[in-house]
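The values are calculated or read from the model by the stated rules, or taken from the named source; none is laboratory data. All values derive from a computational prediction rather than experimental measurement. Note that each Cβ is placed from the backbone with ideal geometry, even for glycine, and that neighbours are counted across all protein chains shown.
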Amino acid sequence: MKLTIIGTGYVGLVTGTCFAEVGHHVICVDNDPAKITLLNSGGIPIYEPGLDELVRKNTADGRLRFTTNTGEGVEQSDVVFIAVPTPPLADGSVDLSFIEKVAREIAAAMTSYKIVVDKSTVPVQTGDKVAETIKRYCKAKVEFDVVSNPEFLREGFAVEDLMHPDRVVIGVRSQRPVPRMKEIYAPFKAPVIVTDISSAELIKHASNSFLALKISYINAISVLCEATGANVQEVASGMGMDDRIGRRFLNASLGFGGSCFPKDLSAFIKIAEQVGYDFGLLKEVQRINNEQMNRFLKKILDTMWVLKDKKIGVLGLAFKQNTDDVRMSPAIELCQRLQKEGAVLRVHDPKAMDKAKALLKDTTFVDDLNEVADGCDALVIATEWEEFKKLDLERARKALTHPILFDGRNLFDPKQMEALGFIYKSIGR
Ligand code: UGA
């Protein structure tokens, strides 16, 4: 099928590329000329495992192309996806101005029937507003359908998630666009659920909020584990063996971050407020998450006493493994708070150092993971990168002035660390 994706960020670029990979003809549109020039010259604006090969392959095969021209994309496609950002506003609600602008642009360019699909994460009932806007601004007065088709990919695993989705959600106002939407997704062989638009929009916010809740739940349990000498990983494994609970997203940590969970939680709380419901449960999820960072910092302060002029090595800057994304990264927040206490930082991240440079001043960025500890008073792990497990612990112990390691991601075994001579403090163990 001929598809256009408007917005070439994480969701738009990965979705467009994977659609091309399964045989569709895809035009990716973005209003940032620098990004389009980069993509047209073989570059990739984000780090996402496996993405660069797929972009190269599908552009070479002529199934994927990039343009700044929305009109061209709308004109040449049957189905137009909206995948533009929906950033948070100061009061926690969502800025829908990009969605509204794109809806107007699509409307202005439409000269025949189109299916307009919202992929961006939006508050419930946005689909109705998009439909109203298109109707109002479409001079050609052609027919169209609006569909809500939320995306569930995780950064760092985006290609894998897109190629093998758990489910495809199609929210519609009539059955007319359903066969074509199913045709688009047929090659992915995933279960499809067709709902009304509001339900589809709610599925997205309800899913992300539930996953955030799961993390805060295990983080709250980690506090009880620390108070009683239990091990949160064993508790999580025992809980997770119950199919109804599941082990995933039960990893205790210094808190969740990123451009999705914090924003979506605030938005969902606000949406609930607007329809007259106080979603106190989700406010508690936020409170536990903030408290988890405070507790981790306190652990460092209690052990190190004064941080002023102490050298701290930090492993991890990205908000999670396998990405260069530092938006709302707990690792960055931790670094900034350590600096506020007067600590001098040596930091490393396998992919996120360039993006972190804009956020962390007076910081030494170290290319080699094993050199971060050199001359430091303590080492901190802030992101769950697999490769940190390969840290040369013997070398780190010798390089540190005191062998102290704070592990905000539970990457090492406490008993082994003690046997190696470390003062080792992790989460809930
Ligand atoms: C999240 C959802 O997992 C995706 O399904 C969704 O599509 C996406 O938001 C979105 O709305 O676009 P993402 O933000 O990429 O994906 O990353 P996650 O893997 O969910 O991790 C979020 C945060 O939770 C990270 O800071 C991670 O380190 C933390 N986390 C995750 C934990 O602290 N513990 C866990 O057990 C899992």
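Looking only at segment 213-246, residues that are free of Cβ contacts under 8 Å to residues at least 24 places away in the same chain, assigned to a helix (DSSP H, G or I), of a type in the set (Gly, Ala, Ser) and within 15 Å of the ligand (Cβ to nearest atom) come to 3 in all.
When segment 324-351 is examined, which residues are found to be in contact with a Ser or Thr (Cβ under 9 Å, 6 or more places away or on another chain) and under 23 Å from Ala212 (Cα atoms)? Asp325, Arg327, Met328, Ser329, Pro330, Ala331, Cys335 - these are the residues of segment 324-351 that are in contact with a Ser or Thr (Cβ under 9 Å, 6 or more places away or on another chain) and under 23 Å from Ala212 (Cα atoms). The set of residues in segment 4-18 being crowded, with 24+ Cβ neighbours inside 10 Å, assigned to a loop (DSSP other than H, G, I, E, B) and within 14 Å of the ligand (Cβ to nearest atom) consists of Gly7 alone. Only strands (runs of 3 or more DSSP E) whose full extent lies in segment 291-392 are considered here, and the ones with at least 2 residues that are in contact (Cβ under 8 Å) with a residue 40 or more places away in the chain are 311-315, 378-381. For segment 283-335, residues that are away from the ligand (no atom under 16 Å from the Cβ) and either closer than 17 Å to Thr363 by Cα or hydroxyl-bearing (Ser, Thr, Tyr) (or both) total 8. Scanning segment 168-212 for residues that are among the aliphatic types (A, V, I, L, M) and without any contact (Cβ under 8 Å) to a residue 40 or more places away in the chain turns up Val168, Val169, Ile170, Val172, Val178, Ala186, Ala190, Val192, Ile193, Val194.
Put simply, of Arg397, Arg409 the only residue that is within 16 Å of the ligand (Cβ to nearest atom) and among the basic types (Lys, Arg) is Arg409. The combined condition, being within 26 Å of Glu48 (Cα to Cα) and touching a Gly at 6+ places or on another chain (Cβ under 7 Å), is not fulfilled by Pro403. Against the test of being at negative phi and crowded, with 22+ Cβ neighbours inside 10 Å, the options Val366, Val372 yield a single qualifying residue, Val372. Within segment 130-187, being surrounded by fewer than 19 Cβ atoms within 10 Å (Cβ to Cβ) and touching a Ser or Thr at 6+ places or on another chain (Cβ under 6 Å) holds for Ala140, Val142.
For every residue, the table says whether it meets (1) away from the ligand (no atom under 16 Å from the Cβ); (2) assigned to a helix (DSSP H, G or I); (3) farther than 19 Å from Asn69 by Cα.
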| site | (1), (2), (3) |
| --- | --- |
| Lys101 | yes, yes, no |
| Glu105 | yes, yes, no |
| Ser112 | yes, no, no |
| Val116 | yes, no, no |
| Val142 | yes, no, yes |
| Val146 | yes, no, yes |
| Gly156 | no, no, yes |
| Arg176 | yes, no, yes |
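Here Lys119 clears all of (1) among the basic types (Lys, Arg); (2) under 18 Å from the mean Cα position of the chain (by Cα); (3) farther than 30 Å from Phe256 by Cα except the condition numbered (3).
Within the set Val314, Val326, Val306, the sole residue that is surrounded by fewer than 19 Cβ atoms within 10 Å (Cβ to Cβ) and modelled with pLDDT of 95 or more turns out to be Val306. The set of residues in segment 37-79 being of a type in the set (Gly, Ala, Ser) and in a helix (DSSP H, G or I) consists of Ala60, Gly71, Gly73.
Among what's in segment 395-416 and is among the hydrophobic types (A, V, I, L, M, F, W, C) and closer than 17 Å to Glu234 by Cβ, pick the residue that is surrounded by the most Cβ atoms within 10 Å (Cβ to Cβ). Full working, then the answer.
Filtering segment 395-416 for residues among the hydrophobic types (A, V, I, L, M, F, W, C) gives 396, 399-400, 404-406, 411-412.
The next check asks that each one be closer than 17 Å to Glu234 by Cβ; those that pass are 411-412.
Values: Leu411: 18, Phe412: 20.
Result: Phe412.
Residues being of a type in the set (Ser, Thr, Tyr) and within 11 Å of the ligand (Cβ to nearest atom): count how many of those fall in segment 247-274. Adding up the residues that qualify gives 2.
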